[in-house]
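**Q** I'd like to ask you about the structure that follows.
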Amino acid sequence: MGEMILLALVAATPLLLAVEGELVVQRSGIINLGIEGMMLTAAMTAVIAAQLAHSATIGFLGGILGACAIAAIFGLLVIHFRADQIVTGTGINLLALGATGFVYREMQQFFVAAPRVRIDVMLPLAWIVFPIALAFTIWRTRFGLRLRACGENPEAVTATRASVAAHRWAALAIEATLAGLAGAHLSLALSSGFAENMTAGRGFIALSIVIFGRWKLRGALLGTALFGIAAALQYAIQAMNLALPYHLLLAFPYVLTLLILGGIAGRVRAPAALGK
């Protein structure tokens, strides 16, 4: 049982980092569907940086920079030019998928045998340190109060002479950092390098878990843990050599997440200015 719980936590760590980042940015009033593209880009740039520097630590920094580059494009379009957030996020995902796929095919030999980091390094950060730090920042500081107000009543923030755009940029920077760590952890800790579309929909699952958790960190931790348990069960079922299609087992965690989300749909209240 203990091994299954550890496996669940390990499998869900990149997802949790993405969930934490998406929760922060949605609290500021932005829906970022492009988080999948941010993670995928980070997974690639992390491997490139790790290979060039022969250091997994530098690889994580490269992952953060890759995610920040995508976040900058998204923020410029959504915050500065006020483009539609859903359309922009979808475009970002398509851009990241195409760009990373092209680079991977052109430099395929470069993306194998990257320097790796110990898996247990990120576990306490993702599951303990970051949630505590984010909870304190969002609910116990003036910055957090204004950030949440940007997602509920931006006009009130403007009335205090604070900048809604600045707070949303800050939230996006936090998300980019966490998504960068998520992508880097995926390629440098859970995998032996980069592969095309290796995020496998984790960004979209992160969006669902934020809703499941009612935009609160405790709910986000619970939702991510449930997904991790489902993923661990998938591995356990595979080990049993049951006569079940392989692709059905791969879909199991995602189907379970959708069923849970469907069970609470319509019962949650999103931030009033989300997506506006």
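**Q** Give Arg82, Arg105 a once-over and let me know the one that is of a type outside the set (Gly, Ala, Ser) and on the phi > 0 side of the Ramachandran plot.
**A** It is Arg82.
**Q** Okay, moving on. Could you give every pair whose Cβ atoms fall below 7 Å, whose first residue belongs to region 118-141 and is free of Cβ contacts under 8 Å to residues at least 60 places away in the same chain and over 18 Å from Gly228 (Cα atoms), and whose second residue is of a type outside the set (Val, Ile, Thr) and buried (at least 17 other Cβ atoms within 10 Å of the Cβ), counting only separations of at least 6 or pairs across chains?
**A** Pairs that qualify, where the first residue is free of Cβ contacts under 8 Å to residues at least 60 places away in the same chain and over 18 Å from Gly228 (Cα atoms) and the partner is of a type outside the set (Val, Ile, Thr) and buried (at least 17 other Cβ atoms within 10 Å of the Cβ), are Thr137/Gly144.
**Q** Going by the conditions given, is Ala184 buried (at least 22 other Cβ atoms within 10 Å of the Cβ), touching a residue at least 40 places away in the same chain (Cβ under 8 Å), of a type outside the set (D, E, K, R) and closer than 24 Å to Ala149 by Cβ?
**A** no
**Q** Follow-up question, since we're still on this one. For region 60-79, which positions are within 16 Å of Leu97 (Cα to Cα), within 16 Å of the chain's Cα centre (by Cα) and surrounded by fewer than 20 Cβ atoms within 10 Å (Cβ to Cβ)?
**A** Listed by number, the list holds a single entry, Ala69.
**Q** If you don't mind, another one. Kindly list the number of the only condition in (1) closer than 17 Å to Ala176 by Cα; (2) part of a helix (DSSP H, G or I); (3) of a type outside the set (Gly, Ala, Ser) that fails for Asn32.
**A** (2)
**Q** Going residue by residue through region 136-154, is there one that turns out to be closer than 30 Å to Ile5 by Cα, among the aliphatic types (A, V, I, L, M) and surrounded by 12 or more Cβ atoms within 10 Å (Cβ to Cβ)?
**A** Yes, the conditions are met somewhere in region 136-154.
**Q** Those residues that are under 16 Å from Val129 (Cα atoms) and either β-branched (Val, Ile, Thr) or in contact with an Asp or Glu (Cβ under 6 Å, 6 or more places away or on another chain) (or both), I need them from region 9-26; list them, please.
**A** Of everything in region 9-26, those that are under 16 Å from Val129 (Cα atoms) and either β-branched (Val, Ile, Thr) or in contact with an Asp or Glu (Cβ under 6 Å, 6 or more places away or on another chain) (or both) turn out to be Val10, Thr13, Val19, Gly21, Val24.
**Q** Turning to a different aspect of this structure: Right, Arg214: surrounded by fewer than 19 Cβ atoms within 10 Å (Cβ to Cβ), modelled with pLDDT of 85 or more and on the phi > 0 side of the Ramachandran plot or not?
**A** Judged against the criteria, Arg214 is a match.
**Q** Please give the number of the condition Ile119 fails out of (1) modelled with pLDDT under 95; (2) over 20 Å from the mean Cα position of the chain (by Cα); (3) of a type in the set (Val, Ile, Thr).
**A** Evaluating Ile119 over (1) modelled with pLDDT under 95; (2) over 20 Å from the mean Cα position of the chain (by Cα); (3) of a type in the set (Val, Ile, Thr) leaves (2) as the failure.
**Q** For residues that are in a loop (DSSP other than H, G, I, E, B) and at pLDDT below 65, scanning just region 261-276, find the one that is surrounded by the most Cβ atoms within 10 Å (Cβ to Cβ).
**A** Checked region 261-276; the qualifying residue surrounded by the most Cβ atoms within 10 Å (Cβ to Cβ) is Ala265.
**Q** Report yes if Ser55 is among the hydroxyl-bearing types (Ser, Thr, Tyr) and modelled with pLDDT under 95, otherwise no.
**A** Here the answer is yes, as Ser55 does meet what is asked.
**Q** Kindly provide the set of residues from region 74-108 that are aromatic (Phe, Trp, Tyr), touching a residue at least 40 places away in the same chain (Cβ under 8 Å) and more than 17 Å from Ile35 (Cβ to Cβ), ordered by number.
**A** Listed by number, the list holds a single entry, Tyr104.
**Q** Spot the failing condition for Val87; the list is (1) modelled with pLDDT of 95 or more; (2) crowded, with 20+ Cβ neighbours inside 10 Å, and only one is missed.
**A** Just one mismatch for Val87, condition (2).
**Q** Can you name the residue in region 50-59 that is within 17 Å of Gln109 (Cβ to Cβ) and of a type in the set (A, V, I, L, M) and, of all such residues, is surrounded by the fewest Cβ atoms within 10 Å (Cβ to Cβ)?
**A** Among them, the one singled out is Leu52.
The values are calculated or read from the model by the stated rules, or taken from the named source; none is laboratory data. Note that the structure is a prediction, hence the values are computed from the model and not measured. Counting neighbours? That spans all protein chains shown, and the Cβs are built from the backbone with ideal geometry, glycine included.
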